[in-house]
Amino acid sequence: MRLTGKQLIGLNFVLNSEKSFRAVNPESGEFLEPAFGEGTFRDIETATEFAEKDFDSYRSSDGKKRGEFLETIASELMDLEGDLVGRAIQETGLPHARLTGELGRTVNQLKLFARLVKEGSYVEARIDRAIPDREPAPKPDVRVMHIALGPVAVFGASNFPLAFSVAGGDTASALAAGCPVVVKGHPAHPGTSELAGLAIQKAVKKCGMPAGTFALIQSSGTEIGAALAQHPRIKALAFTGSLTGGRALFDLASSRLEPIPVYAEMSSVNPVFLLPRALQERGEDLARDFVDSVTLGVGQFCTAPGLLFAIKGPELDTFLKYTEKYLTEKTPGVMLHAGIKQNYQLGLEKLTALKEVDRVGEVRQQETGCLATPVLLTTTAATLLKKPEIAKEVFGPSSVIIVCNSRQEMLTAAQNLQGQLTATIQGTVPELEEHTDLLRVLELKAGRILLNGFPTGVEVCDSMNHGGPYPATTDGRTTSVGTAAIKRFLRPVCYQDFPQPLLPKPLRNKNTQHIWRLIDGVLNRSDI
């Protein structure tokens, strides 16, 4: 499919600027065609005006129609599979198998939200019927449900050009909630972004959705993103990226005359805790799997394990020898773009400049261009407690092994960690039962806790939580993966003493949608 290099606003292709930028192939360093027009403040004004104008019409569409719309987006994406995957390979350097799998994940999460909104219970309808003769005062008829929040700004992520980008989970959950979406595409993969945007635009036409349901604005700078976050028509914002970028958007949105919620996934080192008996029984397997997890996707996963804790002893010494062995087998890999590679190098330089931090294995020089060499470092828990900057995320194929003198020192180190997306414990069943104190600490630190696994990889399902306390996210009560992600873009509205014809359908006595409702404290699907 031929790319236009234009903004997608309403059902139109728009070019309001003479300025442009190009994607760069991170493997070869070559600039890719075509040039993409820089988004303008005028583009934001037009896109948000469309979104605001069509919000009521879109949110009023029933769940079945919105579900069919999401399924149509999924179908259109699959029709573009060859073009999408091919362009994404050029723009990201990611392998074909990885991107094919990511496209499948993108499609599946759209279908997951389609199923959710077709069923309809996500509105969480609650009904408390009136008791007119209650003493000392009559009880009113009170009913509540969730409705769409308003137009949402979504910022595409660099490390997932499909699953966390234009048609990714943030867009899918916002559209499912009944919110129009204005996407700020990531400048590292504008061609992939346009193709995904075209799939959504085509689905809008096919399903008869209002033109303001979706817009895509592309830009290589930060000004357009900042303006989008501050625009009064935008009612919520979703972002996946760095702590610096996410915090900047959060501060901008919070400083508005009308502050809005910002759901930013930002920084996590995803600590792994190796308990002694597991280390003794499975040392080599754990070393191999740990190195594989650290280097998967050249370390460019938000759930990559950046810290590993273990107690000092001969089992740990053996584990370190195995990690060195498996590390030497790993070759340099292509990072997504030059900015990520530069930040990776800077992060490593800060860590290796500390005299208390040592390398595992021989020193391997970093490659030129976007190639990155995996690195494992080691230090003590005492050093980590004195220098907490060691626990700062270094996005890329590296990790720091923290040597603890005792179980108590490991627990103290865990208590001093910041918020995380994940935390992992490797242990035998008896010692896991003996370390419930560690588990209790990690419940307060992470959004997802794993036993005897490694955190890279996020299952897209109803039960998944992909979030965590700050700085993992700006709101640890929410998730960006799984059907609970829809809650970010909904708000409750209570209707008191309304006649039946004026109530929204989910709150009427006759349950025509056959959804689950809490009626006078009892959950059921019956009529009243």
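The values are calculated or read from the model by the stated rules, or taken from the named source; none is laboratory data. Just so it is clear, the model here is predicted, and its values are computed rather than measured. Every residue, glycine as well, gets a Cβ built from its backbone with ideal geometry; the counts of neighbours run over all protein chains shown. In case anyone asks, the SASA skips ligands and DNA or RNA and just uses the protein heavy atoms, side chains included. Shrake-Rupley method; radii C 1.70, N 1.55, O 1.52, S 1.80 Å.
With R₀ set to 45 Å, the beta-carbon distance separating residue 255 from residue 115 gives a calculated FRET efficiency near 0.75.
Considering only 249, 293, 269, and ranking their Cα positions along the charge dipole of region 229-327 that arises from unit charges at the beta-carbon of Lys, Arg, Asp and Glu, the one farthest toward the positive end is 249. Taking K and R as +1 and D and E as -1, what net charge do the other residues with C-beta under 11 Å from the C-beta of residue 372 add up to? In short, +2. Computed over the chain, relative contact order equals 17 percent, with contacts defined as Cα pairs under 8 Å that lie 6+ residues apart. About the centre of its Cα atoms, region 1-143 shows a dipole size close to 420 debye [charges on the beta carbon of Lys, Arg (+1) and Asp, Glu (-1) only; nearest 20 debye].
Stretched out straight at 0.36 nm per residue, the stretch from residue 18 to residue 364 would grow longer than its current Cα-Cα span by 120.1 nm. Here the chain has 53 percent of its accessible surface on carbon and sulfur atoms, given a 1.4 Å probe and all protein chains in place.
Return the FRET efficiency for the residue pair residue 433, residue 392: r is the Cβ-Cβ distance, R0 is 45 Å, and the value is rounded to the nearest 0.05. That gives a FRET efficiency of 0.85. Dividing the helix sum by the residues of the chain, where each DSSP H run of 4 or more adds -39500 (n - 2.57), gives a mean residue ellipticity at 222 nm of -12000 deg cm²/dmol. Placing +1 on each Lys and Arg Cβ and -1 on each Asp and Glu Cβ, with no other charges, gives region 458-508 a dipole about its Cα centre of roughly 180 debye.
Seen from residue 113, the other residues with C-beta closer than 10 Å to its C-beta sum to a net charge of +3, counting Lys and Arg as +1 and Asp and Glu as -1.
Report, in listed order, any pair from 184/205; 53/202; 65/206; 19/235 with a Cα-Cα distance greater than 18 Å.
In this structure, 184/205; 53/202; 19/235 lie more than 18 Å apart at Cα.
Placing unit charges on each Cβ (+1 for Lys and Arg, -1 for Asp and Glu) gives the chain a dipole about its Cα centre, and among 405, 444, 521 the Cα reaching farthest toward its positive end belongs to 521. The alpha carbon centroids of region 375-422 and region 1-49 are separated by 42 Å. Within the chain, the selection of entire DSSP H helices by a Cα span of 30 Å or greater along the long axis and an average Kyte-Doolittle value of at least -1.0 returns 96-119. A simple spin-label model places pseudo-atoms 7 Å from Cα toward Cβ; at residue 346 and residue 416 they are separated by 2.6 nm. Hey, quick one: spin label on residue 477, modelled 7 Å out along Cα-Cβ, who in region 259-301 has an amide N within reach, i.e. under 14 Å? Answer for region 259-301: 261-263. Model label sites at residue 498 and residue 338, defined 7 Å from Cα along the beta-carbon direction, differ in position by 5.6 nm. Net charge dipole, region 80-222: roughly 220 debye, given to the nearest 20, about the Cα centre with Cβ charges of +1 for Lys and Arg and -1 for Asp and Glu. Computed over protein heavy atoms with a 1.4 Å probe, the accessible surface of the chain works out to 42 Å² per residue.
Between residue 130 and residue 328, full extension at 0.36 nm per residue minus the direct alpha carbon distance yields a gain of 64.1 nm.
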